[in-house]
Amino acid sequence: MIKKCLFPAAGYGTRFLPATKAVPKEMLPILTKPLLQYGVEEALAAGMSTMAIVTGRGKRSIEDHFDNAFELESQLAGTSKEHYLEEIKTVIESATFTYVRQRQMLGLGHAILTGEPLIGNEPFAVILADDLCTNGNTSVLSQMTEVFNKYQCSIIAIEEIPMDQTNKYGVIAGNLVDETDDTYRVTDMVEKPEPKDAPTNMAIIGRYILTPDIFDILRNTKPGKGGEIQITDALLAQAKQGKVIAYKFKGKRFDCGSIEGYVAATNYFAKQQGIV
Ligand code: G1P
């Protein structure tokens, strides 16, 4: 059973400035709910109960969001507005939230390594909250925990993307293991290759299940693309031992790290909820 989910949440959110000057990008809402809360709800739906959040300077509102707010609660208690707080209260009561600060932005791999004290020596999930995923009752992370139960190694979610976008993603090559569950054993992975250097158009999206040996590998991983410590490079070391499975998930993903994806997600959820 995977119990813990790690959320790297220390990035600057440069593409959303000025909105992200004082507000963490993970707290930007799709309708009324912050991106990070969607991620936490996905982890809860997959049976996880510890949310390990790697934050950074200027991210205190994340901790406040997943905590009681006595003044607000007592103001709303017994009024017709009390129900507005119900959803977040359920989330807060269903999980334990733990935090560590990443002091320097040295890449996604470094953020994950920073989370090691919150995880310990057990397999864990990673959600990048700006990849917002939705799939009715079976969340992407729930699908991945099933794949993990079968293969007992690191699992990454993948999606086919247009070839001209390979430089925005980690890209994999692999051999089909089982077409009934859309799984591939990964043979190669490259972080953000130009289309001409990309092995395929199968892109990694922001959902991972990692075995804890990844921490030692990350400790020894040299800076890669963009001078950052890349999780893609560390996973390649596991893949070389045949220990990474890529899974073509079922569902929709919105890249809420881009304005277009953010708008598309907003429109999608507004339609779903009958708002427009
Ligand atoms: C990160 C990873 C990349 C992955 C992507 C998914 O990149 O480094 O391999 O494909 O997330 O969203 P980022 O989007 O943080 O630049």
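The values are calculated or read from the model by the stated rules, or taken from the named source; none is laboratory data. Computed from a predicted model, the values in this text were never measured in an experiment. Cβ coordinates were reconstructed from backbone atoms using ideal geometry, including for glycine residues, and neighbour counts include every protein chain displayed. Protein only, heavy atoms only, side chains kept; ligands, DNA and RNA dropped before computing areas. Shrake-Rupley method; radii C 1.70, N 1.55, O 1.52, S 1.80 Å.
The residue list V91, L76, G107 was ranked by how far each Cα lies along the charge dipole of region 69-111 toward its positive end, using unit charges on Cβ atoms, and G107 comes out on top.
Evaluated with a Cβ-only charge set (Lys, Arg +1; Asp, Glu -1), the chain carries a dipole of roughly 540 debye about its Cα centre, given to the nearest 20.
Using the average count of surrounding beta-carbon atoms within 10 Å as a protection proxy, the listed peptides 129-135, 236-242 rank, highest first, as 129-135, 236-242.
Compactness ratio of the chain: Cα Rg over 2.2 N^0.38 Å, N = residue count?
On the way: Rg = 18.5 Å, N = 276, 2.2 N^0.38 = 18.6 Å.
Against the empirical 2.2 N^0.38 Å value, I get 0.99 for the chain.
Rounded to the nearest 10 degrees, the angle from helix 259-272 to the longest Cα principal axis of the chain is 60 degrees. For region 12-135, the alpha carbon positions stretch 46, 36, 30 Å along the principal axes, listed from largest to smallest. For the chain, the longest principal axis of the Cα atoms and the long axis of helix 140-151 meet at an angle of about 40 degrees.
Calculated mean residue ellipticity at 222 nm for the chain: -8500 deg cm²/dmol, from DSSP H runs with n ≥ 4 weighted as -39500 (n - 2.57), summed, divided by the residue count and rounded to 500. Accessible surface computed residue by residue for region 1-105, with neighbouring protein chains in place and a 1.4 Å probe, gives 56 Å² per residue.
Counting only protein heavy atoms and using a 1.4 Å probe, what share of the accessible area of region 167-267 belongs to carbon plus sulfur, as a whole percent? Working shown, then result.
Values: 2240 of 4470 Å².
So the carbon and sulfur contribution to the accessible surface is 50 percent.
Placing one equal scatterer on every Cα of region 1-68 and applying the Debye formula, the log10 ratio I(q)/I(0) at q = 0.19, 0.21, 0.23, 0.28 Å⁻¹ is -0.75, -0.89, -1.04, -1.34. For the chain, take the longest principal axis of its alpha carbons; what is the angle in degrees between that and the long axis of helix 35-45, to the nearest 10 within 0 to 90? It works out to around 80 degrees. Centre-to-centre, using Cα atoms only, region 160-190 and region 14-61 are separated by 27 Å.
Cross-link pairs exceeding 32 Å between alpha carbons, from the set K25/K89; K59/K243; K25/K222; K21/K240: K59/K243; K21/K240. Mean sequence separation of contacting Cα pairs (under 8 Å, at least six apart), scaled by the length of the chain, corresponds to a relative contact order of 23 percent. Highest mean packing first, where packing is the average number of other Cβ atoms within 10 Å per residue, the peptides 94-106, 62-74 line up as 94-106, 62-74.
Solvent-accessible area assigned to carbon and sulfur over region 48-144 amounts to 47 percent, based on a 1.4 Å probe. P(r) tail for region 82-200: Cα pairs beyond 16 Å make up 74% of the total.
Computed from the Cβ-Cβ distance with R0 of 25 Å, the FRET efficiency linking N267 to Q165 stands at 0.75.
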